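The values are calculated or read from the model by the stated rules, or taken from the named source; none is laboratory data. The structure displayed is predicted, hence computed values, not measured ones. With ideal geometry, Cβ positions are generated from the backbone for all residues, glycine too; neighbour counts draw on all protein chains shown.
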């Protein structure tokens, strides 16, 4: 039973697969999941319920104390009173100060254009020339070992038309950081496939949807659309009713429904 | 004279060159087709065990897989483009059509992301209802996975058992919101439907009835010699490979990484419930099977606790009728049955989202296929595709 209650609080430190060997060993130490205990777990639930509820605040507090550095986890700023429609106070990005940011700023200077948090979520805006170095550094030195997502946003009125966003997560710190960079149409970025293999398909999708090139990508080609499709649909200048009519006629043999 | 005869007549042993193949001299190693080392085989897109329209190009040496390439996009509907042309509320039903066997989870992730943008706090009762339905949906999703995965490997019975029991969950969904598959159960700010009379009893009844049935599935498979031989040691993923490839969900946990967003970064009221994160040891197909089975048990535990603690109160936060989130960007993710399902939403302060990016777990997990099947046999590819638990609606969006 003490194991049961201990579980939630110990979770956040535990995953740390940054030390992979530990993770494996940890798993080995756990009872094999087919072992009998889980039978008792499920039948036990009603009985252990009161104890569990009693322990809840403590466990929650523990969890909070264990990771004060992760506001994204729980902290929805409690402002239900300020909600009524007329004048919702819009949250503003706030400067994000931390050891990590000051270290990066000391090294890259003006390459780090912005470091902020918005509704508890951190992000860095960096110059497109150093984004690869930053990503590499984030993985190796800061233990952001998991690339969650690569995506882009198109702002046709800006000079640097595209935001390219890398969402990173650290198992070690249980934190997320978004690394954002801005590039002009026609510019390319260095591919992150060498850092995280998962970037392969994610970058291909960005290329497919926005036409943003990635240098040194092992096979940069379309992924969701046919290879000879014309246009990049998620650009803002690609209207919603637009289609590659020629492709549709040549390959499907129908007049396009639009 | 046919081409073949022509070639045959002119061919001399040991001679090579264009159009000259000595079909009869079996001693010359690299010139006969019997010794052809590489064969390219097309699997799909209309193949029953690719779970939808997935095309996998296999490079084979005999029956051994040398490499694969996935061709996807057959179900691409441009969900992200659609989002930019709909209001926040109008886009809500579309997300159900991505991972259509776990529609409730998709809706939950989207609603939470928009709520984060709006800075809205969902009332406790709505949170509990959401958790109950989401966990039921997790069970339903795993049942579809188990049924089809077992069917791919040759066990027919689990399919019928799983779909029989899944019916009970779909019935609860239907009674709750009128839809069985693409439920659109939640709204931005909470739930729109109050729990119907007898909702709690239905859920508890399902929980009581389901656990023995889960044992029944296990009786059929866990120690079944054929099942074990077909899954143990097949498609192994090491924890470091999982992380490098961005694999999440049960696949990651089966490799021994104890990470679940419900615990790591709790959303809704998950921090109030007592449940465990099952992990595997070897990261093979068999462990992934065990992990998912255990996840169903844990989901039952969560449903039981949530139903017993279900608080009274409002089910909808005070969000305006016309949603205009302030300018900003938010990334929010939840633990969907298949892994980390993330939504990245950019608001420009207007009625429509400026950009909605969906980070689909199936898409990212499918990328690990190549790593997992190299060196295995063709029949194992089927097992590995099944164990990844992909839904092509979500891969292609």
Segments classed as strands (runs of 3 or more DSSP E), wholly inside the stretch B:300-360, with at least 3 members that are more than 7 Å from chain A (Cβ to nearest Cβ) and touching a strand residue (DSSP E or B) at 6+ places or on another chain (Cβ under 6 Å): B:328-336, B:339-347
When the residues of the stretch B:54-69 are narrowed to those that are within 14 Å of chain A (Cβ to nearest Cβ) and in contact with a helix residue (DSSP H, G or I) (Cβ under 6 Å, 6 or more places away or on another chain), which ends up surrounded by the fewest Cβ atoms within 10 Å (Cβ to Cβ)? B:68
Is there a residue in the stretch A:170-187 that is at the interface with chain B (Cβ under 9 Å from one of its Cβ atoms), on the phi > 0 side of the Ramachandran plot and within 14 Å of the chain's Cα centre (by Cα)? yes
Test residue A:133 against the stated conditions and say whether it is modelled with pLDDT under 90 and in a helix (DSSP H, G or I). yes
Can residue A:196 be described as touching a strand residue (DSSP E or B) at 6+ places or on another chain (Cβ under 8 Å) and more than 13 Å from residue A:152 (Cα to Cα)? yes
Checking residue B:88 against (1) out of contact with any strand residue (DSSP E or B) (no Cβ under 7 Å at 6 or more places or on another chain); (2) more than 21 Å from residue B:394 (Cα to Cα), which test does it fail? (2)
Residues located in the stretch A:97-122, provided they are modelled with pLDDT of 80 or more and in a loop (DSSP other than H, G, I, E, B): A:98, A:119, A:120
For the stretch B:262-291, which positions are surrounded by fewer than 21 Cβ atoms within 10 Å (Cβ to Cβ), in contact (Cβ under 8 Å) with a residue 24 or more places away in the chain and facing chain A (nearest Cβ under 9 Å)? B:281
Hits in the stretch B:361-375 (condition: more than 14 Å from chain A (Cβ to nearest Cβ) and either in a strand (DSSP E or B) or touching a helix residue (DSSP H, G or I) at 6+ places or on another chain (Cβ under 7 Å) (or both)): B:373
Within the stretch B:163-183, which residues are under 15 Å from residue B:200 (Cα atoms) and in contact with a helix residue (DSSP H, G or I) (Cβ under 6 Å, 6 or more places away or on another chain)? B:168, B:169, B:172
Can you confirm whether residue A:256 is modelled with pLDDT under 80, surrounded by 13 or more Cβ atoms within 10 Å (Cβ to Cβ) and touching a helix residue (DSSP H, G or I) at 6+ places or on another chain (Cβ under 9 Å)? yes
Here the residues within the stretch A:139-153 that are facing chain B (nearest Cβ under 8 Å) and surrounded by 23 or more Cβ atoms within 10 Å (Cβ to Cβ) are A:146, A:147, A:148, A:149, A:151
Are any of the residues in the stretch B:187-210 within 30 Å of residue B:385 (Cβ to Cβ) and at pLDDT below 90? no
Candidate set from the stretch B:202-226 (those that are farther than 14 Å from residue B:139 by Cα and away from every other protein chain (no Cβ under 13 Å)); member that is surrounded by the fewest Cβ atoms within 10 Å (Cβ to Cβ): B:225
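Residue by residue, here is whether (1) under 30 Å from residue B:351 (Cβ atoms); (2) modelled with pLDDT of 70 or more; (3) over 22 Å from the mean Cα position of the chain (by Cα) holds:
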| position | (1), (2), (3) |
| --- | --- |
| B:19 | no, no, yes |
| B:48 | no, yes, no |
| B:69 | no, yes, no |
| B:79 | yes, yes, no |
